[in-house]
């Protein structure tokens with residue numbers, strides 16, 4: 001084929017796969033000047049990475065030096081920007097994708113190194129969210145005239161089938177304990193009868209595979225059960241203390257607001273606090289919860305990702321991950337975080353029915369905010385009626401219309417465009433860090449598109 005091409009009379013530009021150098025010596029010139037990867041690189045250079053860098057100051061100096069943290073941060077952030085969150089996909093991209101290759105300076109950290117770096121520094125990476133948010137403010141993308149709040153269900157890195165009720169945990173633990181006892185007795189009998197059967201290189205005291213697996217499963221269920229019991233007792237103590245405070249307040253003639261949450265604990269005949277039989281925990285990620293995805297109507301093993309979005313340029317100004325399937329207690333903490341992150345409360349805030357509670361909309365800390373949060377049909381009180389009247393007025397109708405157009409496109413971008421529908425990490429603290437990283441990259445992309453509207 002090559003010889004036939006060379007025999008043609010037409011002259012073409014030089015093209016030779018055996019050429020020694022095809023790319024410019026300046027690695028940044030491998031990409032066009034307005035490429036997202038170069039923008040990520042420049043932005044990371046502006047961030048304060050001291051919390052990450054300080055972790056290496058007292059490290060072991062033996063062996064090969066670690067990869068530069070700035071490079072690792074860049075490839076992780078770029079990966080989350082373009083929907084490549086897997087450490088294996090990022091490793092492969094440092095070979096196959098020019099943008100990743102540029103950010104890595106032609107180095108190729110393996111997926112274990114990438115995963116370990118992310119896990120080790122996830123909290124610090126999540127805290128970069130506020131730094132990027134401040135850059136959005138400086139760019140004039142945050143006005144706080146109107147902020148919309150919403151939540152979405154995101155799958156945990158765990159299977160729904162791996163969940164177990166407290167009642168089932170207690171039963172399985174006893175069954176496995178009995179099985180371990182039987183297996184140990186059988187192993188002892190065989191060991192006594194056939195002392196030499198284990199073969200060369202074995203001590204003769206190794207546990208059979210079935211026993212090892214059974215004992216490991218028993219230990220895991222026991223630990224999960226003990227954690228659930230401890231968590232339940234702590235919850236019961238808080239709720240009982242709150243109940244005593246409410247009794248005292250009622251005795252003083254003060255108005256007491258009832259809690260809408262259902263009690264998940266009970267007491268035994270001896271007075272011991274225990275979880276209700278149907279309370280569940282997951283064996284793979286015990287912090288995750290079974291919750292219904294309102295968008296699909298399907299139950300998932302997951303977390304509830306919360307965001308507050310400024311309507312000026314759809315910048316996320318506050319973020320959280322909670323274990324509660326409903327949003328009833330998220331309005332106040334999310335708006336307090338907005339104030340903490342950007343310096344003041346928004347002028348107006350919209351949220352759907354799930355966020356309404358009298359306690360929330362009358363909270364002292366939210367007095368500066370013009371709230372538009374519809375109560376559900378079952379909520380009957382003076383406060384809820386005032387909110388309904390407010391939302392029926394022309395100004396209320398116009399303001400509330402902004403909610404879906406502000407926050408829902410953000411979730412669409414995260415879950416459908418960038419394909420982030422499931423956490424890669426496990427445990428509440430870890431998924432919180434990962435969610436902050438996702439929201440950070442959303443804001444970064446908004447800044448990039450504002451600077452390069454022709455690429456949007």
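Throughout, read-outs are computed from the coordinates displayed, never taken from laboratory work. Small disclaimer: the values here were computed from a predicted structure and weren't measured. Here Cβ is always computed from backbone atoms with ideal geometry, including for glycine, and neighbour counts include all displayed protein chains.
Binning all Cα-Cα separations of the stretch 334-456 at 5 Å, short to long from zero, yields these whole-percent fractions: 2, 9, 14, 17, 18, 16, 12, 9, 3, 1, 0. As a size descriptor, the averaged projected area of the C-alpha convex hull of the stretch 9-140 was calculated at 11.6 nm². Along each principal axis, taking the top coordinate minus the bottom one, the Cα set of the stretch 387-443 gives 45, 24, 17 Å in descending order. In this simple spin-label model, placing a label point 7 Å from the Cα along the Cα-to-Cβ direction at both residue 112 and residue 134 gives a separation of 3.8 nm.
Given Cα positions, please report Rg to Rh for the stretch 284-353, the hydrodynamic radius being the Kirkwood one.
On the way: Rg = 13.8 Å, Rh = 13.5 Å.
Rg divided by Rh gives 1.02.
Working from label points 7 Å from Cα in the Cα-to-Cβ sense, the residue 119 to residue 242 distance is 3.5 nm. In terms of packing, defined here as the mean over residues of other Cβ atoms within 10 angstrom, the peptides 379-389, 94-104, 420-430 line up highest first as 94-104, 420-430, 379-389. For the stretch 76-115, the spherically averaged projection of the C-alpha convex hull amounts to 2.3 nm². Quick one: Kirkwood hydrodynamic radius for the stretch 81-166, alpha-carbon pairs, angstrom, one decimal? Radius from the Kirkwood sum: 16.7 Å.
What length, rounded to one decimal in nm, is gained on full extension from residue 347 through to residue 34, with 0.36 nm per residue of separation minus their alpha-carbon distance? Mind dumping the intermediate values first?
Working: separation 313, 0.36 × 313 = 112.68 nm, distance 3.52 nm.
Once the chain is fully extended between residue 347 and residue 34, it gains 109.2 nm.
Place the peptides 404-417, 437-450 in order of packing, highest mean first, counting for every residue the other Cβ atoms within 10 Å and averaging per peptide.
Numbers: 404-417: 16.1, 437-450: 21.9.
Those peptides, ordered most packed to least, come out 437-450, 404-417.
For the peptides 27-34, 245-252, the ranking by mean Cβ contacts within 10 Å, running from highest to lowest, is 27-34, 245-252.
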